1. Do we find that Pro277 is within 19 Å of the chain's Cα centre (by Cα) and touching a residue at least 12 places away in the same chain (Cβ under 8 Å) in this structure?
2. Looking at the structure I just gave you, is Lys58 part of a helix (DSSP H, G or I), touching a Gly at 6+ places or on another chain (Cβ under 7 Å) and either at pLDDT 85 or above or among the β-branched types (Val, Ile, Thr) (or both)?
3. Can you say whether Lys32 is within 24 Å of Ser360 (Cα to Cα) and out of contact with any Leu (no Cβ under 9 Å at 6 or more places or on another chain), as far as the supplied structure shows?
4. Quick one: is Ile609 surrounded by fewer than 17 Cβ atoms within 10 Å (Cβ to Cβ), of a type in the set (Val, Ile, Thr) and in the same structural domain as Glu766 (by TED's automatic domain parsing)?
5. Restricting to the range 458-489, count the residues that are part of a helix (DSSP H, G or I) and among the hydrophobic types (A, V, I, L, M, F, W, C).
6. Regarding the range 502-524, can at least one residue be identified that is more than 28 Å from Gly101 (Cα to Cα), at pLDDT 85 or above and among the hydroxyl-bearing types (Ser, Thr, Tyr)?
7. With respect to Thr492, is the statement that it is assigned to a loop (DSSP other than H, G, I, E, B), within 23 Å of Gln576 (Cβ to Cβ) and at pLDDT below 90 true?
Amino acid sequence: MWSKLALFVIKQRRFLLLLLAVITVFMAWKAKDVEMTYDFAQVVSPDDPEMVYFQRFKKTFGEDGNVLVLGLQDSSIYRLGNFTELRALTDTLTKVKGVNGVLSVTRLIALGKDTAKQQFVAHPIFQKFPETQGQLDSLMRVVNRLEFYKGQLISSTTGATLLALTMDPAYLNSSRRQAVMNEILGHAERFTQKTGIRLHYAGLPYVRSTMTSKVAGEMKFFVMLTILVMGVTLLTFFRTWSAVLFPLLVVAVVVIWCVGSMVLFGFKINLLTGLIPSILIVISIPNCTYLLSRYHYDFRKSGNQVLAMTRVIRKIGLVTLMNNTTTAIGFFVFCFTNIAILYQFGLVATVNIFAAFIISFIMIPAVFTYLPPPTPKQLEHLDAKPLTKLLEFFEHLVLDKRATVYVAAVVMVGLSLLGISKVKSVAYMVDDLPKDSSVNSDLKFFEQHFNGIMPLEIVVDTGKKRGIFKLKNLEKIDRFEAFLRTQPVLTTPVSIVTFLKAATQAFYNDNPEYYRLPDNSEKNFVLSYLAKAQATGAGNAKLLRSFVDSTGQKARISLKIADIGSRNLDTLLTHQIQPQIKEIFNGTGMDVKLTGTTIIFTKGNEFLINTLKESLFWAFGLVGLVVLLLFRSIRAVFFTLLPNLVTLLLTGGLMGFFGIPLKPSTALIFSIALGIDGDNSIHLLAKFRQELAVNGRRVKAAIRTTLSEAGTSMLYTSITLFLGFAVFAFSEFGGTKALGLLMSASLLITNFSNLILLPCLLVTFEHGKDEEIDKSMLRHYDDDYHEEDDDTELNLNRMTVKRLGDAPSA
């Protein structure tokens, strides 16, 4: 099969190149339509009970993650000139398309009672804007008397204030989001230039917008950086520009196909899929280097370009395909998940890994049989043995120090297990952004002055219509809110209770001493005033409806929380809040549930990590199946998987000792690493079995030849992959940086596992007697096993290569 395929590729290379060009033009045309994703990655299954409840919550009470906040702490803001600029900024932001409303000190609403109509009415505190500093100071004293806004809009301890912008979800989840954010930030920057007052930004819309723009920027940066690093690596290995330019042309085509396929699949670029082009460049280059090095090797033997390239395709085609298959398995296992972001990442990567194999196995043979034959100088790299001494040391360890190797492996695995026990599973809402980024520093500002900005929601269900308005139920909620106010990572809660307290204060002419729930003698007056306002739509009826459902059965307690990490959040919810809920509400018939974007994020983090653990088991099973099909040997499966298990354990140990937490971005690398590291195992095992047949089943002789011939290419491949993945260490995203560092570590460790431990296992357990070797498989990997004068090669010896500019042959 591979002989016929080789002959077809060589004979039809002009047609195949034209076909690739047409497909590439089509993919480039589709790639121009690629879009960034503007919504938060949906990790939790839509059928999950907590997700179903959260969706119901949003239908009843509205979105909880569409608020953008601008904060400031500067006493000069209360000077008339700066305060006037703040009003101008607030009014300007209100008119921005995509902003539904702005809450600011300059637009504060106070409740007042209309005794004639016996209802509450709302009126702006700054209905007539102050014209003198004295008027402003007087109005600010009114603001400071309103307990409702303390801890919400104005920090009661530091005096910091904020502007809260409610964003339109239709804009947030579309390509219009960035334009809206740029307009908002532009107005804010002009305010800072006029007043000298610095503004801080936070809220999920801002975080998502920042991450989206950074993903787009990093995707372009890493594609260019990876191409540069791979180009330098190719030039170092081959020392000829043709061996640099055309492999880079291959990866350029691969990248175009990758982006085009995203559009064809209907996917958008996110934090994960944005990495695929760069990963494909790293993975595709070894295909090209392997093809070129074998082509140079066979050309030096035969002196015939076409014959040499045909032998390359025939001899290494199957094993290279299997190597690409194991690499693809590391990504394909994510297709088994029902998590959209992982499924898309796995599918796009898997399809394009095989596309990269096809492209390289067409373009490299076609182009290099058109180019002039390699010169003796270009073949010098075949004799360059910079790693010979290292491989000789490996051979000494394998043949003479196996006991030492096993002891060292056991010790390292033991230490790794200790390190793994130190690994903690934790994630933050803005986990991927660097600690010194403006997003994190601004987030700390809001945590310092307002205790946090991440949404947390609590729903109290009384089980009865209008049950929320019963005083005993309100008192229970008030008691619960009193506990919540003692938690330093939570903001002051906002609910029907705080609303009623504000109403009571308004009932008593804004006296701060009356900011409390109405007692039995007052509740009828206060509630009747409130009911009339709600019925007529007057006052803060709309605000009231956002905290109580239409039946009066359920109430919403809305808070903000600091980004304390998934572990601390779980401790807070499980060991502090939930016990208080049981203590306060047990036996009342009231049901209390925690929900909100922050809770869903935490659940999604746990769900994602568990899914990635399952994917790793799938990867082991599928890699084992590939090895079984290729070698038809259970023992070969053992020889392949055990060293790679050691690699993963050592990598996990490094995570523990260096304090790298287990989170979705770090759990992701294990399946990918298994697929890539498995290539080396298959490479070495295939070469060993071929040499075992050639050397009369003499295991040690076969190992010597395998290490000297296959070891060099394995080390070069590992160096190439190491350098390729190392570029991700320059990412601003913590997850991407962890991916690069851990993958690079894995690729270094795999040299111990596959060039020392695996050969030791082969010498110890492979006796070369009790198992038939499949020579049909070896034929595709052999240098000398095939017949040199078979019909195909005799025909190829008669073929000539016609290059552009050659005179027509007679």
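1. Considered against the rule, which asks whether it is within 19 Å of the chain's Cα centre (by Cα) and touching a residue at least 12 places away in the same chain (Cβ under 8 Å), Pro277 comes out as yes.
2. no
3. The answer is yes for Lys32.
4. no
5. Going through the range 458-489 one residue at a time, the tally reaches 9.
6. yes
7. yes
To keep it simple, each residue is scored yes or no on (1) small (Gly, Ala, Ser); (2) surrounded by 15 or more Cβ atoms within 10 Å (Cβ to Cβ); (3) closer than 30 Å to Thr310 by Cβ; (4) modelled with pLDDT of 85 or more.
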residue: Trp2; (1), (2), (3), (4): no, yes, yes, no
residue: Phe8; (1), (2), (3), (4): no, no, yes, no
residue: Val22; (1), (2), (3), (4): no, no, yes, yes
residue: Ala31; (1), (2), (3), (4): yes, yes, no, yes
residue: Glu35; (1), (2), (3), (4): no, no, no, no
residue: Phe40; (1), (2), (3), (4): no, yes, no, no
residue: Pro46; (1), (2), (3), (4): no, no, no, no
residue: Val52; (1), (2), (3), (4): no, no, no, yes
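The values are calculated or read from the model by the stated rules, or taken from the named source; none is laboratory data. Since we're looking at a predicted model, the values are computed, not measured. For neighbour counting, all protein chains shown are included, and Cβ atoms are generated from backbone atoms with ideal geometry for every residue, glycine included.
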